[in-house]
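I have placed the structure first, in the form of structure tokens, so that the comments after it can refer back to it.
The values are calculated or read from the model by the stated rules, or taken from the named source; none is laboratory data. Just so it is clear, the structure is predicted and the values come from calculations on it, not from any experiment. All Cβ positions, even for glycine, are placed from backbone atoms using ideal geometry, and neighbour counts span all protein chains on display. All accessible areas refer to the heavy atoms of the entire protein, side chains included, with ligands and DNA or RNA removed. Shrake-Rupley method; radii C 1.70, N 1.55, O 1.52, S 1.80 Å.
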Amino acid sequence: MGELVLNNPALSKPAILALEDGSVFHGIAIGAEGATSGEVVFNTAMTGYQEILTDPSYTRQIVTLTYPHIGNTGINSEDVESASIAAAGLVIRDLPLLASSFRSEQSLSDYLKSQNVLGIADIDTRRLTRILRDKGAQNGAILAGAEAEGDDAVERALAAAKAFPGLKGMDLAKEVSCKEAYEWTQGEWTLGEGYADTTKNERPYHVVAYDFGVKFNILRMLAARGCRLTVVPAQTPAAEVLAMNPDGVFLANGPGDPEPCDYAIKAIQEVLETNTPIFGICLGHQLLALASGAKTVKMGHGHHGANHPVQDLASGTVMITSQNHGFAADEATLPANVRATHRSLFDGTLQGIERTDRPAFSFQGHPEASPGPRDVAPLFDRFIAMMQARR
């Protein structure tokens, strides 16, 4: 059983958050000491801070959570979406002294320290979110502990914020991807039993998944639906993937700008030529759009949260979705053989596409319910149906 863990009461070391526009916030350090920089974004999810921190799509980003109390259910070893924290830093309003959950194994502050990730608390996250909403995502920096002390600390923080080059043009998929191919067998989670072992199940479909920074739960939902999964590095040539004779190819989520990922765009184009079913999520969606001749754009503040309404254009159904992206496929540039399937009801941006001449489709949000909700899970069933039809 989990236990009551105490977020370290000795959290009194200073921390500074600075933005490229000159905004400065003073708070307390809740993670490791040192300095970090990245693109500062806000996330509006009320739960799931552990899934958010470990989502590889947050690489080189400092995440601000708009919900004020973060850390109150502690940390456990099951709710992770990758092997380690991916975010470059965490910004929160309040770290509760007590963390209480029967699944809790560690406090948030100890977790951040153990992975050498900086965090800052006790700042006005509403003010910060307003700045990011009005001016767009900002390059920023956090200094924590001894780094945040001294008369020149603010100056150094501002300099570090301005020195970050920004995510436009940054190819991060190949940096966060696995180094060699592996088989994934873990299925979905149930309380008291943990994650299912799918090796005992019938697995009629062989899916090769391109790892651009994949979240574990996306792989779990494919495994639970009868897929035998081979996960391959981002830069794997199409010829190698097709030699595995897959029933379908999956294009994962991931961080950074899709445009510089020329290796992925070329591979997707080659797979498309063979009529092998393709399903893309997030960065995978943007890459499918680029491979089909469309363009992508850098968004103002992007979409980050578990409460974004998206409309299915065919049925009119509105789904509440998890989102995490700062780039989008530009609907105005879609060629004649690509149809828009989903649109964001927040800002009208493109959320889904399908090829009319190939068995390929993709979705911008994260349909795998980590941290939630479950509205978009049927997309996985569509991918299975596509592989079934090809047989």
Checklist entry - Hull surface divided by four, with the convex hull built on the Cα atoms of the stretch 151-308: how many nm²? => result 13.0 nm²
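So what is Rg over Rh here for the stretch 318-391, counting just Cα atoms and using Kirkwood for Rh? Each step should come with its number before you reach the end.
Working: Rg = 13.0 Å, Rh = 13.3 Å.
Answer for the stretch 318-391: 0.98.
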Checklist entry - To the nearest 20 debye, what charge dipole does the stretch 251-315 have about its Cα centre, counting +1 at the Cβ of each Lys and Arg and -1 at the Cβ of each Asp and Glu? => result 140 debye
Next on the checklist: Tell me the angle of helix 262-273 to the major Cα principal axis of the chain, expressed in degrees between 0 and 90 and rounded to the nearest ten.
Outcome noted: 30 degrees
Checklist entry - Hey, what did the stretch 249-289 get for relative contact order, percent, Cα under 8 Å, at least 6 apart? => result 65 percent
Checklist entry - Which shape class, rounded, prolate or oblate, goes with the stretch 37-162 when its Cα gyration tensor gives a ≥ b ≥ c as root eigenvalues, a/c under 1.5 marks rounded, and past that a/b bigger than b/c marks prolate? => result prolate
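What does the charge count near ALA121 come to, summing +1 for each Lys or Arg and -1 for each Asp or Glu among other residues with Cβ under 10 Å from its Cβ?
That works out to -1.
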Next on the checklist: Charges at C-beta only: +1 for Lys and Arg, -1 for Asp and Glu. How large is the resulting dipole of the chain about its Cα centre, in Debye rounded to 20?
Outcome noted: 780 debye
Checklist entry - Taking only the alpha-carbon positions of the stretch 138-235 and ignoring solvent, what does the Debye formula give for the base-10 log of I(q)/I(0) at q = 0.22, 0.25 Å⁻¹? => result -1.04, -1.20
Item to check | Computed E for LEU191/LYS162 - FRET, C-beta separation, R0 45 angstrom, nearest 0.05 | outcome: 0.45
Item to check | Translational D in µm²/s for the stretch 89-205 (Stokes-Einstein at 25 °C, 0.890 mPa s, Kirkwood Rh from C-alpha pairs) | outcome: 129 µm²/s
Next on the checklist: Starting from the Kirkwood Rh over alpha-carbon pairs, what translational D in µm² s⁻¹ does the stretch 135-182 have by Stokes-Einstein at 10 °C and 1.306 mPa s?
Outcome noted: 118 µm²/s
Checklist entry - If you place +1 on the Cβ of every Lys and Arg and -1 on the Cβ of every Asp and Glu, how big does the dipole about the Cα centre of the stretch 98-192 come out, in debye to the nearest 20? => result 460 debye
Checklist entry - Put +1 on the Cβ of each Lys and Arg and -1 on the Cβ of each Asp and Glu in the chain; which of THR47, ALA289, ALA234 then has its Cα farthest toward the positive end of the dipole? => result ALA289
Next on the checklist: If I stretch the segment between SER12 and GLN269 completely, what's the gain in nm (0.36 nm per residue apart, minus their alpha carbon distance), one decimal?
Outcome noted: 87.2 nm
Item to check | For the chain: relative contact order, % (alpha-carbon pairs under 8 angstrom, 6 or more apart) | outcome: 15 percent
Next on the checklist: With both bridge residues required to lie in the stretch 183-257, what share of the DSSP beta bridges run antiparallel, to the nearest 5%?
Outcome noted: 30 percent
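For the stretch 4-62, just say rounded, prolate or oblate: build the C-alpha gyration tensor, square-root its eigenvalues into a ≥ b ≥ c, call rounded for a/c under 1.5, and beyond that prolate if a/b exceeds b/c, oblate if not.
oblate
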Checklist entry - Taking springs between alpha-carbon atoms closer than 10 angstrom, which of GLY226, GLY89, GLY192 fluctuates most in the Gaussian network model of the chain? => result GLY192
Checklist outcome for this item: Each label sits 7 Å from Cα toward the beta-carbon; between LEU98 and ALA314 the label points are separated, in nm, by 5.1 nm
Checklist entry - So what are the ³J(HN,Hα) numbers for the stretch 342-352, from phi and the Karplus equation (6.51, -1.76, 1.60; θ = phi - 60°), rounded to whole Hz, Gly and Pro as x? => result 9, 9, 6, 8, 6, 9, x, 6, 5, 10, x
Checklist outcome for this item: Expressed as a whole-number percentage, the relative contact order of the stretch 83-131 with C-alpha contacts under 8 angstrom and at least six residues apart is 56 percent
Item to check | Accessible area expressed per residue, the stretch 16-169, with surrounding protein chains retained (probe 1.4 Å, Å²) | outcome: 38 Å²
Checklist outcome for this item: In the chain, taking the dipole from +1 charges on Lys and Arg beta carbons and -1 charges on Asp and Glu beta carbons about the Cα centre, the listed residue (ALA360, LEU17, VAL5) farthest towards the positive end is ALA360
Checklist outcome for this item: Counting only residues 5 or more apart in sequence or on a different chain, those whose built amide H sits under 5 Å from that of ILE30 are GLY119, ILE120, ALA121
Next on the checklist: Run the numbers for VAL297 and ALA146: contour at 0.36 nm per residue of separation, minus the present Cα-Cα distance, in nm.
Outcome noted: 50.5 nm
Checklist outcome for this item: Candidates GLY71, GLY194, GLY372; GNM for the chain (alpha-carbon contacts under 10 Å) flags as most fluctuating GLY194
Checklist entry - Using a Gaussian network for the chain with springs between C-alpha atoms less than 10 Å apart, which of these wobbles most: HIS69, HIS325, HIS366? => result HIS69
Checklist entry - Which percent of Cα-Cα pairs in the stretch 51-114 sits in each 5 Å bin, short to long? => result 4, 18, 27, 29, 18, 4, 0
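In nm, what is the difference between 0.36 nm times the number of residues separating ASN116 and HIS206 and their Cα-Cα distance?
28.6 nm
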